Amino acid sequence: MAQPSLKIDRARFVLTVDQQRRIIRDGSIVIEGGKIVRVGRGDELADTRADRVIDAREFVVTPGFVNGHMHISYAHPVRGIFPDDVGSPLKHVFALQLAMTEEEEYHTSLLAMLELVRNGTVCLLDPGSTKFPDACLQAYADAGVRVILGEAVTDREAPFPQPRYAMAEAAARTAAFIDKWNGRLDGRVRAWAMPFSPETCSAELLQALKRVVEERGTGLTLHHGSGAQARKEYQARGAKSPTEYLEALGVLGPNVLLAHALGIDDGEIDCIARTGAAVTMCPVTAAKGGRGVGAQGRMPELLARGVRVALGCDSPNNSNHLDLVRAMNMAAIQYKDARQDTTQIPAETALEMGTRLGAAAVGLGDEIGAIEPGKRADLVLFDTRRPEWQALWNPVNNLIYNTDGRSVHTVVIDGRIVVDNYRQTFVDEARLFSTVQEIGERLQARTGITFPRSRWPVL
Ligand SMILES: [Zn+2]
């Protein structure tokens, strides 16, 4: 049966993020077969009919958001257990992740999908934390999202528990994963190579994985960081910096996405720009983790060099929210503060990273990230009948500085409505919330990873 057509009619504003960055007042969008076929002023498209018409006069419409680094899996049932004085929770994070059962991961992934779509994310890249993709496929199918999946692999000692394999096995597992998963759910699932980081993988493994993705036309992502100490360590091994090390191996390129990328210097920015690699930055994680964006963050320089920069929410125990509007807000404000310069990362640039640039960074720039004919119909309708949208003069400023995902009223992915009037229909929320709370209790009991519930007395 053909997919029903859909018309978004007479939106207060449509923020197209198209090539000209047009903002259409009283704008309409016509969707057929899951694709955007027409975009224009409401009066120009007045004759167009559709199976369903959404009266959008009170809405601001944006492209669906792309979350370029979003660990699903262990974190939802234990979100918030780490007190602020615990330092880096990384070793606990990986232990909790390894302890997940298949059924637990299905439920926690479903909760993640729910939170993501209700906040307007249509596409996420999970950097290899999902242990049981077979079980989770149903959650992705139910939520209707686009997801880039992979299996995190390492072949070296890591400072925290990580799945470790011999080099050839890690490469073979990755190839088999991509062959099994790439293109599932009508193309909404993509599969990539996901070596955890350059420090936990040998040069041979990184090069083998690069060959695997070149042969298959997919991508590769890894955690990446630099800084004075890292450069010193890499120099002792004959490379100038972690980034130049990856370039020298032949690993960098347009199909590679570096996550976080804090601490990079000018030479490393050159290297990223020269090779066409993309970057995902996680501004809320950086701020909450005390990473010192003033000294370590180079988002403005990467953007100035034309690097595709996506935003990510990282993990429910890092950001800890899964709301890309809040990530765009943090990206826009933290560089103004760090550089004492209000011209840094304008609101428009933050929105580009959450949509058009983010889509390009994850290799989907031809398909999503903008509201223009020919693109898949991934849209978010924000409800302006709320206090945070008042007064409405500049919709981009309102979106980035005033609001958050709570005013997401309707979400469309591939032309299908997945959130309608603030509600999704794929899961019973109250039941899921209590299931995940129980999983959290079991997970803490099983791993022994517990912390005092509060620094204040709980009576
Ligand atoms: Zn990560």
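The values are calculated or read from the model by the stated rules, or taken from the named source; none is laboratory data. Everything numeric here is computed off the predicted structure, so don't read it as measured data. Reconstructed Cβ throughout: ideal geometry from the backbone, glycine too, with neighbour counts over all protein chains shown.
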If you scan region 17-48, which residues turn out to be of a type in the set (S, T, N, Q), surrounded by fewer than 24 Cβ atoms within 10 Å (Cβ to Cβ) and in contact with a strand residue (DSSP E or B) (Cβ under 7 Å, 6 or more places away or on another chain)? 48
Every residue from region 240-265 that is within 16 Å of the ligand (Cβ to nearest atom) and part of a helix (DSSP H, G or I): 242
State which residue pairs qualify: first residue under 18 Å from residue 348 (Cβ atoms) and inside region 382-400, second residue in a helix (DSSP H, G or I) and among the acidic types (Asp, Glu) in any location, beta carbons under 7 Å apart, and separation of 6 or more residues or different chains. 396/348
Kindly indicate whether residue 291 is within 22 Å of residue 266 (Cα to Cα), within 16 Å of the ligand (Cβ to nearest atom) and in contact (Cβ under 8 Å) with a residue 12 or more places away in the chain. yes
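Is it the case, given these coordinates, that residue 93 is β-branched (Val, Ile, Thr), at pLDDT below 95 and part of a helix (DSSP H, G or I)? Give the steps one after another, and end with the answer.
Details: β-branched (Val, Ile, Thr): yes; at pLDDT below 95: yes; part of a helix (DSSP H, G or I): yes.
Judged against the criteria, residue 93 is a match.
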Could you go through region 334-353 and let me know if any residue there is closer than 30 Å to residue 76 by Cβ, without any contact (Cβ under 8 Å) to a residue 60 or more places away in the chain and polar (S, T, N, Q). yes
Being surrounded by 15 or more Cβ atoms within 10 Å (Cβ to Cβ), outside the structural domain of residue 50 (by TED's automatic domain parsing) and within 15 Å of residue 121 (Cα to Cα) narrows it down to one residue among 444, 424; which is it? 424
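Return the only residue of 258, 262, 249, 302 being surrounded by 15 or more Cβ atoms within 10 Å (Cβ to Cβ), hydrophobic (A, V, I, L, M, F, W, C), more than 29 Å from residue 341 (Cβ to Cβ) and free of Cβ contacts under 8 Å to residues at least 60 places away in the same chain. Break it down into steps so the answer makes sense when it comes.
Working: 258 fails: more than 29 Å from residue 341 (Cβ to Cβ); 262 fails: more than 29 Å from residue 341 (Cβ to Cβ); 302 fails: more than 29 Å from residue 341 (Cβ to Cβ).
Only one candidate qualifies: 249.
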Any hit, region 67-76, residues being within 16 Å of the ligand (Cβ to nearest atom), touching a Gly at 6+ places or on another chain (Cβ under 8 Å) and under 17 Å from residue 380 (Cα atoms): yes
Among the residues of region 49-63 satisfying the criterion of being closer than 26 Å to residue 351 by Cβ and either of a type in the set (A, V, I, L, M) or assigned to a strand (DSSP E or B) (or both), which is nearest to the chain's Cα centre (by Cα)? 63
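In region 20-48, which residues are part of a strand (DSSP E or B) and touching a residue at least 40 places away in the same chain (Cβ under 8 Å)? Before the answer, list the steps.
Pass one, region 20-48, residues part of a strand (DSSP E or B): 23-32, 35-41.
Scanning region 20-48 gives 23, 29, 31, 32, 35, 36, 37, 38, 39.
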Within region 266-324, how many residues turn out to be more than 20 Å from the chain's Cα centre (by Cα) and in a loop (DSSP other than H, G, I, E, B)? 3
